[in-house]
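Where a number appears in this text, it was derived from the coordinates with a stated rule and is not lab data. Predicted model, so just to flag it, every value in this text is computed and none were measured. Using ideal geometry, Cβ is built from the backbone for each residue, glycine included, and neighbour counts are taken over all protein chains shown.
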Amino acid sequence: MVGGIDPAALSSLNGGGPKLNQSQSDELRESFLLLLTTQLQNQDPLNPLENHEMTSQIAQINTVSGIEQLNQTLKGITAQMDANQAMQATHLIGQGVLVKGDRVLLEQGEAGQAHTTPFGIELEKPAENVRVTITNASGQVVSRYDIGSVKAGVESFQWDGKTSEGDSAAPGSYRVRLEATDRDGESISAQALNYAMVGGVTPKDSNGNVRLDLGAVYGQVGLNDIKQIL
């Protein structure tokens, strides 16, 4: 972030090297804040700038602005960060996302073809095989099949809407259970993810966080709850 600012000038600000005059200090501070603002405007909404990172960067100009001015600057940048984050989050409206959950919806298309919502899996380490079990509202197994090897992280998949016997399953809501194993057949922790559509954005909740509205079924979630954008 501060790579564009002369290290020698920063050293002067913090008590080392030649002392800068007021004009140079003001110019350096303005350059620093411009770089920080640009970083905030272009940050990933799913991976926003952490507070400790922002504080660390702002601390490099504390001897120029003074404690009072630094606090005012921090409040202003924090407010701008919140506004930018909310604005970036609005781009997710109408987008499908994966969040924690185990629901799969099956609908019948006009041509009689089945359409299912995606589901996903989050793994801390690679799995040699992942077994998928689809159950209906009564808990009965409708389909069970193996995906094969899956790498660590988040991956999305699609159920074809068929039963284990190859018949078309009835339209409705189903649940997915995922069982991941390693090369030795040992179980691996796997988090099931389900599909949801972002319908709106709440700029700030009671804790000052941006919230995404996923509808009546899934409610509101934070940006950190989004595992993948589809």
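Quick notes on this one:
- The set of residues from the range 105-117 being surrounded by fewer than 17 Cβ atoms within 10 Å (Cβ to Cβ) and outside any strand (DSSP E or B) comprises 109, 110, 111, 112, 113.
- Test for residue 161: is it touching a His at 6+ places or on another chain (Cβ under 9 Å) and closer than 16 Å to residue 106 by Cβ: yes
- Looking across the range 127-173, the residues that are over 13 Å from residue 190 (Cα atoms), in contact (Cβ under 8 Å) with a residue 24 or more places away in the chain and not in a strand (DSSP E or B) come down to 136, 137, 158, 159, 160, 161, 169, 170, 171.
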